[in-house]
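Heads up: the structure comes next, in structure tokens.
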Amino acid sequence: MSATVPQTDLVTVSIDGIDVRVPKGTLLVEAARSIQREIPVYCYHEKLGPAGLCRICLVEIEGMPKLQIACNTVVADGMKVHTTNPKVDDGRRAILEFFLLNHPLDCPICDKGGECDLQDYAMAYGQGASRMIDAKTAKPKAVDLGPTIVLDEERCIVCQRCVRFDQIITREASLRTEDRGAHTIIATASGKPFVSDFTGNVTELCPVGALTSKTYRFRSRPWDNHRTTTTCTQCAVGCQMHVDERGNTLLRTMSVEEDDAISDAWLCDRGRYNIGFVNDERRITQPLLKQDGAWMQIGWDDAIALWAAELKKAGTAAGVIGGGRLLNEEAYLAAFVHRAIGVKNLDHRVGAQTVVHHDSFASHVDLENADTIVTLGRPPSQLAPVFDLRIRKAVAQRGARLISVGDHPANSFVAETRATNAEELRVALGEKPGRVAMIWDGVMLPDGPALTAPLMELADALRYVLPEEPNGRGADAVGMRPVNGGLNTRAMLEAARDGKLGVLAILGANPMLRFPDRALVEAALRATPFVVVTDLFLTETAEFANLVLPVCSAFEKTGTTTDLAGDVLPVTGAVRPPDGVLADGDVLVMLAEALGVALPGVEAMEAAVRDLVRTPPAFAPDAAGPPALAPVPASRLRVIRQAAIFTGGGTLAFDARVAELRTAPRAALHPATAHALGVGDGDELQADAGDGNVVRGLSAVLDPRVPEDAVALVDGIVAAPLNVLGGAGSVKVQKALVPA
Ligand code: SF4
Ligand code: SF4
Ligand code: FES
């Protein structure tokens with residue numbers, strides 16, 4: 001702790017007779033931790049700071065007549081502290097007795113049993129028997145707090161960690177305490193369900209079994225679980241996470257407390273709760289060959305031999321789409337094998353994004369040191385949720401300014417300035433913007449260069465791109481992109497539609513849901529003689545394949561992934577895949593053997609992956625950029641394509657336990673626009689691009705942040721896929737003629 005701090009800024013404090021030198025301003029509880037002296041805490045948490053509510057952290061400080069709380073005491077030079085002695089033990093015993101007065105002591109049926117701080121401290125510091133003779137105050141035992149969380153009011157010790165997380169970290173302020181004394185309870189401020197993209201964190205912060213996750217309640221005891229630490233691969237943030245399984249069933253994911261560098265010790269609810277698909281019965285467990293319109297199970301050897309034969313037949317008239325959901329090594333193999341046989345049509349980009357990184361290695365933590373943060377395009381909260389918490393931290397705790405450029409507000413929970421043209425952006429930046437961080441969603445807009453011109457003048461800005469696919473940055477770096485005349489995804493699909501490709505391989509991707517033009521994807525898949533898809537389920541895309549190969553989820557294989565900052569992070573398998581299921585990497589090795597392609601050894605491949613990720617191709621979008629937008633007729637509204645974390649069809653659609661979290665189809669309109677259209681909040685709408693391309697079943701949402709000439713629609717919803725509009729820039733919005 002003291003290595004980088006000037007000696008003059010250190011103080012010496014004696015803790016249980018041990019001298020410790022710590023920076024001025026250190027809290028006593030942290031000074032004690034630095035020499036492994038544990039002081040019990042409930043309300044204190046290092047990410048939330050002190051609250052002084054529970055008083056379990058009592059210590060004796062020489063010269064002070066009464067016991068002091070260690071969590072809110074700053075060390076002073078020469079201070080002599082005793083974390084344990086009869087006086088301290090008496091104080092803690094009294095506090096614990098107070099906590100246990102009304103506590104139900106239902107440890108045998110409590111999910112927190114075995115990892116509960118009340119249980120542990122009662123054992124360590126409690127008096128063993130209760131002197132309470134009155135009846136305990138009874139409270140509701142299973143309060144449904146929202147889609148993800150259940151509250152046991154009797155178990156709550158009112159430490160307020162949950163409330164403070166919601167105020168300090170997410171800034172959403174949906175939770176609060178109600179009532180007083182022994183009757184205090186936790187509730188939502190609005191009286192409505194507790195809804196946030198980060199709810200699961202409160203179950204980890206809760207030191208007792210008061211807040212539990214619906215997906216984990218009553219499913220296991222901690223001592224029966226087996227834990228693996230890995231990287232979350234549900235978006236490109238790369239949060240480190242613990243994965244608990246029992247009997248090869250995934251039970252829960254937990255944050256990694258030490259992960260200051262990436263997750264800051266938090267997880268979003270997508271990463272935390274979207275795990276049930278791994279054990280879903282609908283997974284494919286055998287290669288499937290389509291014959292006469294029906295699926296037929298075949299063996300792996302036959303499947304790979306068929307794929308290799310089709311590739312040989314097609315020669316270089318083949319293409320590969322995907323890689324952004326594969327591990328680095330798998331994407332590397334996909335590119336290596338296909339390039340070795342002369343196939344140049346490789347692209348990991350499946351969605352709207354054309355650029356996945358700048359040649360920049362700004363770290364996650366660097367963002368917190370920015371003076372001005374500028375977001376371009378879709379909000380980070382929906383593309384990279386935990387990364388967004390750093391924006392909120394930089395703004396709310398460190399005083400950074402937030403500017404959002406374009407149609408999308410960056411954040412609803414901290415103050416921001418919006419800029420819709422270059423002049424507004426210039427004014428918002430001001431004369432002295434300080435250290436600027438730019439966060440871009442990687443979508444090229446016709447007016448993008450003009451809009452962002454003031455930013456291009458800032459040579460030393462930190463630059464982040466938020467890849468749409470979890471490993472988009474890695475796949476791009478290791479070769480899954482078109483070079484030397486290869487076709488990009490759109491060009492591949494057009495060539496396939498025109499009968500120019502013999503084989504199309506789609507690896508861990510779902511362009512039928514994600515590519516901006518669904519009709520083009522369908523035409524391409526129908527026209528290609530041989531389409532092979534690797535996936536866990538029969539997705540919208542897999543349904544059009546000739547051959548579907550069942551592959552592992554990221555919880556079932558080992559390798560590395562690359563996060564949005566260019567860090568190469570370990571992915572470690574936590575469970576065995578179902579029998580018959582292989583990792584994409586193993587499948588590609590088999591394909592290489594069948595094609596006679598010699599592969600590099602494992603060590604050489606790992607070294608190549610690291611080198612390639614650390615030396616990414618220079619930042620240069622390979623497309624000329626989108627064409628200028630046509631003027632929008634008066635009867636139509638401009639389409640703003642939004643992202644939402646709870647969309648997608650490959651995993652989320654196959655996890656019944658998170659069904660309630662899935663984003664519902666919606667159309668957000670400015671209230672004035674809605675009024676002009678005669679639309680009210682919640683009305684069922686449809687968006688019609690013409691030519692029969694209609695998205696139905698949209699629920700109207702009135703949002704004053706949406707421009708009056710536009711409608712905001714969410715991309716990637718299985719029930720209302722936006723890409724049926726075929727990339728149309730404008731639509732006619734009207735009340736549903738026929739309810740969906
Ligand atoms: S629910 Fe848990 S975290 Fe929230 S106040 Fe009660 S004990 Fe603390
Ligand atoms: S922010 Fe992304 S990486 Fe982190 S937990 Fe959520 S989905 Fe996973
Ligand atoms: S931990 Fe110190 S008062 Fe709660």
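The values are calculated or read from the model by the stated rules, or taken from the named source; none is laboratory data. Remember, it's a predicted structure, so these values are computed and weren't measured experimentally. With ideal geometry, Cβ positions are generated from the backbone for all residues, glycine too; neighbour counts draw on all protein chains shown. These area figures cover heavy atoms from the full protein model, side chains too; ligands, DNA and RNA do not enter into them. Shrake-Rupley method; radii C 1.70, N 1.55, O 1.52, S 1.80 Å.
Data overview
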quantity: Stretchable slack from Asp106 to Thr228, in nm (0.36 nm times residue separation minus alpha-carbon distance); calculated: 41.0 nm
quantity: Contact order relative to length of the chain, as percent, for alpha carbon pairs under 8 angstrom and 6 or more apart; calculated: 11
quantity: Mean shadow area of the stretch 378-455 over all directions, Cα convex hull, nm²; calculated: 5.0
quantity: Zero-based 10 Å bins, Cα pair distances in the stretch 332-423, whole percents; calculated: 14, 36, 26, 13, 10, 1
quantity: Stretch in the chain that is longest and holds no chymotrypsin sites (Phe, Trp or Tyr not before Pro) that DSSP places in a loop and that have at most 15 other beta carbons within 10 Å; calculated: 362-618
quantity: Amide H within-cut-off set for Leu10, under 5 Å, with H built and near neighbours excluded; calculated: Lys24
quantity: Computed [θ] at 222 nm, helices only, for the chain once each DSSP H run of length n ≥ 4 contributes -39500 (n - 2.57); calculated: -6500 deg cm²/dmol
quantity: Cα principal axis extents for the stretch 409-529, largest first, Å; calculated: 59, 28, 27
quantity: Given charges at beta-carbon only (K, R positive; D, E negative), |dipole| of the chain in Debye; calculated: 820
quantity: Net length gained if the chain between Asp280 and Glu62 were fully extended (0.36 nm per residue, minus Cα distance); calculated: 72.5 nm
quantity: Positive dipole terminus of the stretch 428-492, leading residue within Leu445, Met480, Gly434 (C-beta point charges); calculated: Met480
quantity: Whole-number accessible area per residue in Å² for the stretch 612-726, which is evaluated in the context of all protein chains at 1.4 Å; calculated: 45
quantity: Calculated P(r) of the chain - Cα pairs past 50 Å, %; calculated: 20
quantity: Listed peptides 701-713, 418-430 by packing density, highest first (mean Cβ within 10 Å); calculated: 701-713, 418-430
quantity: Thr177/Ala607 FRET efficiency (R0 56 Å; Cβ-Cβ; nearest 0.05); calculated: 0.55
quantity: Test item: Cα-centred dipole of the stretch 532-612, Lys/Arg +1 and Asp/Glu -1 on Cβ, debye; calculated: 100
quantity: Proximal aspartates and glutamates relative to Lys192, as straight alpha-carbon distance under 20 Å, when same-chain residues fewer than 8 apart are discounted; calculated: Asp144, Asp152, Glu153, Asp166, Glu172, Glu178, Asp179, Asp269, Glu660, Asp681, Asp703
quantity: Label-to-label distance, nm, for residues given as Arg705 and Ala294 (7 Å Cα→Cβ offset); calculated: 5.2
quantity: Cα-projected label distance for Lys735 with Asn421, points at 7 Å along beta-carbon direction, nm; calculated: 3.6
quantity: Residues of type lysines that Lys112 reaches as a straight line, Cα spacing below 23 Å, ignoring anything fewer than 8 places off in the same chain; calculated: Lys47, Lys136, Lys139, Lys141, Lys214
quantity: With all protein chains modelled, accessible area of Lys393 [1.4 Å, Å²]; calculated: 40
quantity: Contour minus Cα-Cα distance for Ala519 and Leu629 (0.36 nm per residue); calculated: 37.5 nm
quantity: Spread of Cα-to-Cα distances over 10 Å intervals beginning at zero, given as percent, for the stretch 272-351; calculated: 15, 32, 41, 12, 1
quantity: Estimated D of the stretch 500-638 in µm² per second, where Rh is the Kirkwood radius over Cα pairs and Stokes-Einstein applies at 10 °C, 1.306 mPa s; calculated: 86
quantity: Percentage relative contact order, the stretch 246-343, counting C-alpha pairs under 8 Å, at least six apart; calculated: 15
quantity: Cβ-based charge dipole, the chain, positive-most Cα from Phe544, Val609, Ala664; calculated: Ala664
quantity: Computed log₁₀ I(q)/I(0) - Debye formula, equal Cα scatterers, no solvent, the stretch 658-718, q 0.22, 0.26 Å⁻¹; calculated: -0.90, -1.13
quantity: P(r) weight above 10 Å for the stretch 221-260, C-alpha pairs, percent; calculated: 69
quantity: Heavy-atom accessible area order for Thr647, Thr417, largest first, 1.4 Å probe; calculated: Thr417, Thr647
quantity: Percent breakdown of C-alpha pair distances by 5 Å bin, ordered from the shortest bin, for the stretch 16-157; calculated: 2, 9, 17, 19, 18, 13, 10, 7, 4, 2, 0
quantity: Stokes-Einstein D in µm²/s, Kirkwood radius over Cα pairs - the stretch 19-94 at 4 °C with 1.567 mPa s viscosity; calculated: 104
quantity: Of all accessible heavy-atom area on the chain, the percent that carbon and sulfur account for (1.4 Å); calculated: 52
quantity: Length-normalised contact order for the stretch 172-237 - Cα pairs under 8 Å, 6+ apart - percent; calculated: 17
quantity: Accessible area (Å², per residue) of the stretch 67-183, counting only protein heavy atoms and a probe of 1.4 Å; calculated: 49
quantity: Calculated from backbone phi, Karplus (6.51, -1.76, 1.60) coupling profile of the stretch 12-17 in Hz, x at Gly/Pro; calculated: 10, 10, 9, 10, 6, x
quantity: Cα extents of the stretch 609-730 along the three principal axes, largest first (Å); calculated: 58, 43, 30
quantity: Charged-residue dipole, Cβ positions (Lys, Arg, Asp, Glu), the stretch 293-388 about Cα centre, Debye nearest 20; calculated: 540
quantity: Approximate shape of the stretch 123-202 as ellipsoid semi-axes (Cα gyration tensor, √5λ), whole Å, largest first; calculated: 27, 15, 12
quantity: Listed residues Arg55, Arg349 arranged by accessible area, highest first, probe 1.4 Å; calculated: Arg55, Arg349
quantity: The stretch 404-537 - accessible surface per residue (Å², probe 1.4 Å); calculated: 36
